[in-house]
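Heads up: the structure comes next, in structure tokens.
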Amino acid sequence: MRISARADYAVRAVLELAVRTGGAPVKAETIAAAQDIPHKFLEGILGDLRRGGVVESRRGGGGGYRLARAATEITVADVIRTVDGPIVSVRGERPTTLTYTGSAEPLLPLWIALRANVRKILEGVTIADIAGAELPEGVRELAADPASWVNP
């Protein structure tokens, strides 16, 4: 699985909105500067997040962006799906729609298991978890295992 720059920037932008207290709208320029994200690229991402119901925007001098719902209700998977589409795909298709024959048949359950586990992690972590530096125990355990850091 590969996390695109677009998905990484989107999660960071949503996280930036979550840690800002008071609920006042935050300008795209402020988010871009705080997270070192190219402003023009961020504008497109914020537009996708707005259309996807993750953030809302207000125009004008006091305008900007804020979360459309509580950070506890927004998962990392929600953000990634909004800007990039399906979490795990094979050749652009969901693994559950694929068929293989012959010696390749065992690939299908492998791709389905991969998708299920990635979804389990990303759907189990909310923006509030990250903002509070309180990742779920299972995620912390996986991240603490040095064997999982090794490049293949």
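Values in this text are rule-based calculations from the coordinates and carry no lab data. What you are looking at is a predicted structure, and each value in this text was computed from that prediction instead of being measured. Using ideal geometry, Cβ is built from the backbone for each residue, glycine included, and neighbour counts are taken over all protein chains shown.
For the chain, the pair-distance distribution built from all alpha carbon pairs, in bins 5 Å wide starting at 0, is 2, 9, 16, 18, 18, 14, 10, 7, 4, 2, 1, 0, 0 percent.
Three principal axis extents describe the C-alpha atoms of region 77-122; from largest down they are 37, 19, 10 Å. Cβ-Cβ distance of LYS120 and ARG59, R₀ of 35 Å, FRET efficiency by 1/(1 + (r/R0)^6): the value works out to about 0.35. For the pair ALA68 and ASP48 in one chain, pulling the backbone fully straight at 0.36 nm per residue adds 5.9 nm over the alpha carbon distance. Phi angles of region 92-103 translate, via the Karplus equation with coefficients 6.51, -1.76, 1.60 and θ = phi - 60°, into HN-Hα couplings of x, 10, 5, x, 5, 9, 8, 9, 10, 10, x, 5 Hz per residue; Gly and Pro are given as x.
A Cα-only calculation for region 39-109 places Rg and Dmax at 17.9, 63 Å. Highest mean packing first, where packing is the average number of other Cβ atoms within 10 Å per residue, the peptides 67-75, 109-117 line up as 67-75, 109-117.
Between the amide H of VAL55 and those of ARG50, ALA68, distances stay under 5 Å, these residues lying 5 or more places away or on another chain, with hydrogens modeled in the peptide plane. For the chain, with a Gaussian network of springs between Cα atoms less than 10 Å apart, report the residue from VAL55, VAL139, VAL14 with the top mean-square fluctuation. Its mean-square fluctuation being the largest, the pick is VAL139. Computed about the Cα centre, the dipole magnitude for region 1-130 is approximately 260 debye when only Lys and Arg (+1) and Asp and Glu (-1) carry charge, each at its Cβ.
Summarising the overall dimensions of region 7-79 from its C-alpha atoms, the Rg and Dmax are 10.9, 32 angstrom.
For the pair ALA144 and ALA24 in one chain, pulling the backbone fully straight at 0.36 nm per residue adds 39.6 nm over the alpha carbon distance.
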